[in-house]
Each structure stands twice: as C-alpha cells, then as structure tokens.
Ligand SMILES: Nc1nc2c([nH]c(=O)n2[C@@H]2O[C@H](COP(=O)(O)OP(=O)(O)OP(=O)(O)O)[C@@H](O)[C@H]2O)c(=O)[nH]1
Ligand SMILES: [Mg+2]
C-alpha cells in the first residue's frame with residue numbers, strides 16, 4: 001500500500017487583526033469544519049504560486065505577497081497532509097467564496113470558538129500567539 005502525502009498551500013489571510021475563514025462543504029474531506037482557504041499544489045508549482053492560484057479561484061482576491069508561517073504534517077488515517085501555511089497580508093479585493101462556501105472575518109481572539117480540522121490546532125496557536133488573543 002502506498003502512502004501519498006497531499007501537499008497543500010494554506011493562507012492565513014489577515015487584515016486588521018482579523019482572519020478570513022471559510023467553512024468546508026459537507027461532502028469534502030473534513031467536511032463542515034472551518035479552514036484557512038487554500039488547496040493542493042499542482043505539479044511544478046511552488047507553494048506561493050499554488051496559494052496565489054487557489055485564493056484567486058476560491059475567493060477572487062489577488063495576492064501580492066505571502067510569507068511562510070509554519071508547516072504542519074498530519075495523518076488523518078484516510079489521508080496524509082502537509083499544510084504549507086503562509087501569511088497573506090498584501091492582497092487586492094474583498095474575499096468572497098466563489099464555491100458557495102460560508103466565509104467570514106474572525107478576530108484572532110475568536111478563533112478558539114471555531115471547529116477546525118485536527119491539523120489546524122498548531123496553526124491557530126501560532127496565529128493567536130502572533131496577533132494576541134485579546
Ligand atoms: N485548504 C485547507 N485544507 C486543509 C486545512 N486543514 C486541513 O487539514 N486541510 C486538508 O488539506 C487537504 C487539501 O485541502 P483542499 O482544500 O485542496 O482539499 P479539497 O479536497 O477540498 O480540494 P478539492 O475538492 O479541490 O479536491 C484536505 O484534505 C483538507 O482536509 C485548512 O485549514 N485549509
Ligand atoms: Mg480548497
């Protein structure tokens with residue numbers, strides 16, 4: 001049996017201490033959980049290129065710059081993921097889900113109230129540590 005790890009570009013989109021979250025569709029992996037928008041890297045793409053493409057496709061924003069935050073590897077049993085997480089602070093446009101997903105700006109202090117996939121615990125900790133929880 002082969003173990004395939006999915007490489008995912010994930011964006012922590014930040015503006016004025018708030019983070020833009022989307023809620024995964026019920027039928028998706030980790031369905032109904034809240035997430036930081038992003039998606040799978042395609043062949044030949046850098047993570048930054050994948051992030052620019054995904055955030056354009058999913059949210060119709062134009063990302064001008066991003067910077068690495070952390071990498072999280074997680075085994076869900078049915079799927080192994082490597083989340084390559086970047087801050088996204090320079091972008092144009094107002095994010096709105098192009099895929100009909102629920103989306104909202106959330107204060108760093110409110111992130112703990114959201115139900116994320118297990119792999120996201122470390123991401124939330126880092127974001128709250130960076131932005132403060134008050
Ligand atoms: N985008 C995103 N994916 C995450 C997060 N946390 C996490 O475990 N993942 C996992 O990373 C994997 C890849 O994300 P994705 O958005 O491309 O996955 P998907 O299956 O919805 O993509 P697809 O429907 O376009 O094929 C999924 O298995 C998802 O459960 C997160 O915060 N953001
Ligand atoms: Mg996605």
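Just so it is clear, none of the values below were taken in a lab; they were calculated from the coordinates. What you are looking at is a predicted structure, and each value in this text was computed from that prediction instead of being measured. Using ideal geometry, Cβ is built from the backbone for each residue, glycine included, and neighbour counts are taken over all protein chains shown.
Across 18, 29, 86, mean-square fluctuation computed from a Gaussian network of the chain (C-alpha pairs under 10 Å connected) peaks at 29. Computed over region 5-131, relative contact order equals 32 percent, with contacts defined as Cα pairs under 8 Å that lie 6+ residues apart. Inter-label distance, residue 79 to residue 27: 1.4 nm, where each label sits 7 Å from its Cα along the C-beta direction. With R₀ fixed at 30 Å, the C-beta to C-beta distance from residue 57 to residue 125 puts the FRET efficiency at about 0.60.
Go ahead and set up a Gaussian network model of the chain, Cα springs under 10 Å, then flag whichever of 26, 60, 122 fluctuates most. For the chain, modelled as a Gaussian network with Cα springs under 10 Å, the answer is 26.
With N as its number of residues, the chain has a Cα radius of gyration that, divided by 2.2 N^0.38 Å, comes to 0.99.
The helix-only estimate of mean residue ellipticity at 222 nm for the chain, built from DSSP H runs of length n ≥ 4 each weighted as -39500 (n - 2.57), is -5500 deg cm²/dmol after division by the residue total.
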